[in-house]
1. Taking the simple approach of a point 7 Å from Cα along Cα-to-Cβ for both Arg134 and Lys192, what is their distance in nm?
2. Counting just the Cα atoms, what span does the chain cover along each of its three principal axes? Round to the nearest Å and put the largest first.
3. Within the set Lys95/Lys151; Lys52/Lys151; Lys52/Lys104; Lys14/Lys192; Lys14/Lys95, which residue pairs have Cα atoms separated by over 26 Å?
4. Taking the highest mean first, how do the peptides 34-42, 132-140 order by number of other beta carbon atoms within 10 angstrom per residue?
5. Is any residue of the range 62-82 close enough, with backbone N under 17 Å, to a label point placed 7 angstrom from the Cα of Leu48 along the Cα-Cβ axis, and if so, which?
6. Mind giving me the nanometre distance, one decimal, between the label points for Glu177 and Asn165, set 7 Å out from Cα along Cα→Cβ?
7. Only Cα pairs under 8 Å and at least 6 apart count here; give the relative contact order of the range 7-90 as a rounded whole percent.
8. With the contact rule set at Cα under 8 Å and sequence spacing of 6 or more, what percent relative contact order holds for the range 2-191?
Amino acid sequence: MLNLVLFGPPGAGKGTQAELLQKKYQMLHLSTGDAIRQNIANGTQLGLLAKKQMEDGALVSDNLVCSIVADYVAQNTQANGVIFDGFPRTTEQAKEFDKIMADKGLSITAMIALDIPDQTIVTRITERAKISGRADDQNPQIVQNRIDTYKQQTAVVANYYQEQNKSFQIDGTGSIEQVFNLLCLEIDKLIK
Ligand code: ADP
């Protein structure tokens, strides 16, 4: 089972690439951001607790996000593979993730990071804001908060996977197709 963490700052293209990878490799795709938005839309208890943090561009608490992931993993133990998009976002989540997987006799195969500069992040999110309908894409201050949050709390997660020799990085600045091709090259090496 190929369990892939797709890593990178907001706006790096994780969601777009995950959709393409899902089709090509017959994998499942869990976006914790989408799952949280779904909970907010459905007015669940989790959604109510997560709403303010998400709207501010802060991180939703580790225990809420980990509970989403634990449920998802438990329900999909027979999958061909899963792309985890937007998770883990803190070292605590990464540690808990290892336990969630080990509990089911599974493990994370690799983490692939999409590398893009700050200016590209802002340009892409500004473009996406026109069509995404996402409140956290519309306000430049919230976008900046998300970038700062990434730098302060999330970027360090790469070290966690580096220490396990599971970390790979590709250039995320090209076209959707170029980035997809780079990702496929890495994945093909992993599944050989
Ligand atoms: P993006 O990465 O483009 O900002 P996401 O949909 O992945 O978009 O995430 C949107 C928001 O959802 C984040 O700013 C955060 O509030 C919340 N979120 C998503 N995943 C996590 C996570 N693993 N831990 C904490 N908060 C999360």
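1. 3.4
2. Projected onto the principal axes, the Cα atoms of the chain cover 43, 38, 30 Å.
3. From Lys95/Lys151; Lys52/Lys151; Lys52/Lys104; Lys14/Lys192; Lys14/Lys95, over 26 Å: Lys52/Lys104.
4. Sorting 34-42, 132-140 by mean packing, highest first, produces 34-42, 132-140.
5. 64
6. That separation, rounded to one decimal, is 3.7 nm.
7. 44
8. Relative contact order here is 33 percent.
Read-outs: derived from the displayed coordinates by stated rules, not from any lab. What you see is a predicted model, and the numbers here were worked out from it, not measured in a lab. As a convention, Cβ positions derive from the backbone with ideal geometry for all residues, glycine included, and neighbour counts pool all protein chains shown.
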